[in-house]
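Report on the structure given below.
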Amino acid sequence: MKRSLSLIAACFALVGNAHAIDGVLFGDSNNSVVSNKLTINGSINTAIVNAGWYGDTGLHVVDPRPGYADYLVGVCSACALEDEPGAYNDWFVVDLTGFTPATTVTSLTLTLNSFYVSSAGTFKVWDYLGAIDVLPQDSPAGATGIGIYDDLGSGNLYGSFAYQGTEGYAYQTIQLSSYAIADLNAAIASGDDQWAFGGSFAPTAPIPEPETYALMLAGLGLVGWMARRRKA
């Protein structure tokens, strides 16, 4: 009995390992309007003036290079083995000081420099409801940073882009939704100096190999055989 149960556990462990998904998207720029920008109403380019990441442990470390945007997003189990976060959400801050309350946004796109994409997956842009001034600060692992991490990867969806995993060193443009347009209009109308939003990256699950299905079916078959044997 114990040997059979061990075999079942091994089968399902192998199946589980086949679905373990890692994948990150990394971007890096000097905050120039060429590399990373919001384009408002099709022609007004606004630079992203600050960016970064928060890990699922709450950790955030400021990029030591002045004036650089360093954003990492996705899942990295190898990082967790090194006592670093195992997953990351990123954030971006836009300077609104050049706008007046009379400005009306009717269309909005986000262009990002995809410096490194390790696998296929979907990058999603989310609203951010927290205080903007805390985002660029160092945050040790803990509840405060975990709350920010969760905020950056949930809420109203601003837009998404499906990466194939081959877009390194390339610019990608994401059409942002009516939620983003409404929130940006509200920030401008309120006279806010900055606007922030978050991002998440969900790697695409690999298609299981035939051997994986065989192991799974063998495990299920063994479970059924044991059940019939016990009834007998």
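The values are calculated or read from the model by the stated rules, or taken from the named source; none is laboratory data. Quantities reported herein were computed from a predicted structural model and do not represent experimental measurements. In this analysis, Cβ positions are derived from the backbone assuming ideal geometry, glycine residues included, and neighbour counts consider all displayed protein chains. Keep in mind that these areas ignore ligands, DNA and RNA; they rest on the heavy atoms of the full protein, side chains included. Shrake-Rupley method; radii C 1.70, N 1.55, O 1.52, S 1.80 Å.
Quick test for you: out of 187, 162, pick the one residue that is over 20 Å from residue 93 (Cβ atoms) and either out of contact with any helix residue (DSSP H, G or I) (no Cβ under 9 Å at 6 or more places or on another chain) or in a helix (DSSP H, G or I) (or both).
162
Just wondering, is there one or more residues in segment 99-114 that are touching a residue at least 24 places away in the same chain (Cβ under 8 Å), within 18 Å of residue 52 (Cβ to Cβ) and among the aromatic types (Phe, Trp, Tyr)?
No, that holds for no residue.
So that you can scan it fast, the table gives a plain yes or no per residue for (1) in a strand (DSSP E or B); (2) at pLDDT below 90; (3) buried (at least 18 other Cβ atoms within 10 Å of the Cβ):
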position: 21; (1), (2), (3): no, yes, no
position: 24; (1), (2), (3): yes, no, yes
position: 35; (1), (2), (3): no, yes, yes
position: 52; (1), (2), (3): yes, no, yes
position: 63; (1), (2), (3): no, yes, no
position: 66; (1), (2), (3): no, yes, no
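Residue check: is residue 144 open to solvent by 60 Å² or more (accessible area, probe 1.4 Å), more than 16 Å from residue 38 (Cα to Cα) and assigned to a helix (DSSP H, G or I)?
The answer is yes for residue 144.
Residue 79 is checked against (1) among the hydrophobic types (A, V, I, L, M, F, W, C); (2) at pLDDT below 90; (3) assigned to a loop (DSSP other than H, G, I, E, B) and fails just one. What number does that condition carry?
(3)
For every residue, the table says whether it meets (1) under 22 Å from residue 22 (Cβ atoms); (2) surrounded by fewer than 16 Cβ atoms within 10 Å (Cβ to Cβ); (3) hydroxyl-bearing (Ser, Thr, Tyr).
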{"site": "69", "(1), (2), (3)": "no, no, no"}
{"site": "87", "(1), (2), (3)": "yes, no, no"}
{"site": "92", "(1), (2), (3)": "no, no, no"}
{"site": "112", "(1), (2), (3)": "yes, no, no"}
{"site": "125", "(1), (2), (3)": "yes, no, no"}
{"site": "138", "(1), (2), (3)": "no, yes, no"}
